[in-house]
Structures are given as C-alpha cells and as structure tokens.
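Take a look at this one; I'll ask things after.
The values are calculated or read from the model by the stated rules, or taken from the named source; none is laboratory data. Just so it is clear, the model here is predicted, and its values are computed rather than measured. Because the Cβ atoms are built from the backbone with ideal geometry, glycine has one as well, and the counts that use them run over all protein chains shown. Only protein heavy atoms, including side chains, enter the accessible area calculation; ligands, DNA and RNA are left aside. Shrake-Rupley method; radii C 1.70, N 1.55, O 1.52, S 1.80 Å.
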Amino acid sequence: MSQSGTARWIGSEHWVDFSDEDGHYHKTTIPPAFGLVPKVVTHPVVDLRSAIPKTRQAIEFLPGTPLEYLERWRTSNELFGDDVRLVSVIAWADGGLSFGITQPQYHGVPAEPREIEHHFLRAGWVRLPDPSGHVIFFNHAFGVMAIDAERRNCYVTDGELQPFDVILCRPDAEMEEFLGIYR
C-alpha cells in the first residue's frame, strides 16, 4: 500500500501498489482469500421435463489457501523465471491474515493468444481442452497446470514471452478427471 495507507489498485486477489523506488509491485492479499485457484464445481441443471436430477461441471476460480498461494508463486519463480518474494505476513485486528509480496514490473507488449500458445507448446506444455472455455496448458514433466495465460498476464519482450500472474497449480484428482489429463 502507498504511504497514505491506500492501495493504488484493487484487483480480484490483491491490493496493489507500485514502488518507483524499487521498480516492483507490492501486492497484499485481500482477506480472507489467498489468491484464486481453479476448482471443478458441480452445478444443478434444471430440466422441467425430467424428474431425474442433472448436473454440469465447470472450472471456476475460488479463494485459495495460504499454501496454494505460496506454491503458486514458488512455481512461477521456478518455471517462468519470475522474482516474486514473500515480504510480509499481516495479522489484521479482525483476525484476518494477508500475505505481502513483491513482483518486478515487466515491460513489453501484451502477447497475442497465438504467441502465448506457441510459447507454451514450444516449452513442452500441452494444451488441454476445457469444456468451461478456459485456455489451459499442462506440463507433464512438472505436473503443473497453467490457467489464465491471457494477454493481460503475458508480455512479449525482445521476441520472448514473459508470463506473470498466470495461475499455476497441481491439479487434484477431480481436475485431472474433468480435463482428461492422463487419458
């Protein structure tokens, strides 16, 4: 947060401030969540012509746990050469908890979807079909799934792609089955 104690931006996961001094974004998780993680969610489908209950499944983003959040950034540092650092753990007066992280500012041009896909495929990822409509890549060597690899989260600089803020996770059994990862 800025010296005035207010965030310059509020996103879906963080209060965000930028430090001209160190050239990094300073992000604080918004309690009670620790970022967002993809989960398979089951929804009822109303069919007035049938007495048999029906459901549909879709991938949605739900609040993450502290461990999921830290694992996401550790994996981003490892796989994408990011430099996200945990700089604080904040215990709020109401009992809530937040993590403070720093992340470098990246420069470049937002990548086009075809550039994003080309980079991931060239780097050994496979694209997974998602009935929910998300663009999802999976790296079998690391057992890691990448989702939200969108223009806003991937820049091209000097012909190279720099993913940042892409959501990385290790899929659970339900996600593996839904996406058919090992079929």
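So for segment 167-179 (the condition being at pLDDT 95 or above, more than 19 Å from Gly35 (Cβ to Cβ) and assigned to a loop (DSSP other than H, G, I, E, B)), does at least one residue qualify?
Taking segment 167-179 and keeping what is at pLDDT 95 or above, we get 167-179.
This time we only want the ones that are more than 19 Å from Gly35 (Cβ to Cβ), so: 173-174, 176-179.
Remaining after also requiring assigned to a loop (DSSP other than H, G, I, E, B): none.
There is no residue in segment 167-179 that is at pLDDT 95 or above, more than 19 Å from Gly35 (Cβ to Cβ) and assigned to a loop (DSSP other than H, G, I, E, B).
Being open to solvent by 40 Å² or more (accessible area, probe 1.4 Å) and of a type in the set (Lys, Arg) is the filter; apply it to segment 45-93 and report the residue that is modelled with the lowest pLDDT.
The extreme case among them is Arg49.
In contact (Cβ under 8 Å) with a residue 60 or more places away in the chain, more than 17 Å from Cys169 (Cβ to Cβ) and exposed (fewer than 14 other Cβ atoms within 10 Å of the Cβ): is that true of Ile10 in this structure? Even if it seems obvious, please write down each step before you answer.
Numbers: in contact (Cβ under 8 Å) with a residue 60 or more places away in the chain: no; more than 17 Å from Cys169 (Cβ to Cβ): yes; exposed (fewer than 14 other Cβ atoms within 10 Å of the Cβ): yes.
So Ile10 fails the test.
Counting just the residues of segment 95-112 that are touching a residue at least 60 places away in the same chain (Cβ under 8 Å) and in a loop (DSSP other than H, G, I, E, B), which one comes out most open to solvent (accessible area, probe 1.4 Å)? It would help to see each step written out before you state the result.
Narrowing segment 95-112 to residues touching a residue at least 60 places away in the same chain (Cβ under 8 Å): 96-105.
If we keep only those that are in a loop (DSSP other than H, G, I, E, B) as well, we get 96, 105.
Working: Gly96: 19, Gln105: 68 Å².
Among them, the one singled out is Gln105.
Just give me the residues in segment 125-166 being small (Gly, Ala, Ser) and within 19 Å of Arg72 (Cα to Cα), in sequence order. Break it down into steps so the answer makes sense when it comes.
Within segment 125-166, the subset small (Gly, Ala, Ser) is 132-133, 141, 143, 146, 149, 159.
The answer is Ala141, Gly143, Ala146, Ala149.
Turning to a different aspect of this structure: Kindly indicate whether Thr28 is exposed (fewer than 13 other Cβ atoms within 10 Å of the Cβ), in contact (Cβ under 8 Å) with a residue 12 or more places away in the chain and either touching a Gly at 6+ places or on another chain (Cβ under 8 Å) or over 19 Å from Ile10 (Cα atoms) (or both).
Values: exposed (fewer than 13 other Cβ atoms within 10 Å of the Cβ): no; in contact (Cβ under 8 Å) with a residue 12 or more places away in the chain: yes; either touching a Gly at 6+ places or on another chain (Cβ under 8 Å) or over 19 Å from Ile10 (Cα atoms) (or both): yes.
Answer is no for this residue.
Any chance segment 139-151 includes a residue that's within 20 Å of Gly11 (Cα to Cα) and part of a helix (DSSP H, G or I)?
Start the filter on segment 139-151 by keeping residues that are within 20 Å of Gly11 (Cα to Cα), which leaves 146-151.
From what is left, the residues that are part of a helix (DSSP H, G or I) are 151.
Yes, there is a match, as at least one residue in segment 139-151 is within 20 Å of Gly11 (Cα to Cα) and part of a helix (DSSP H, G or I).
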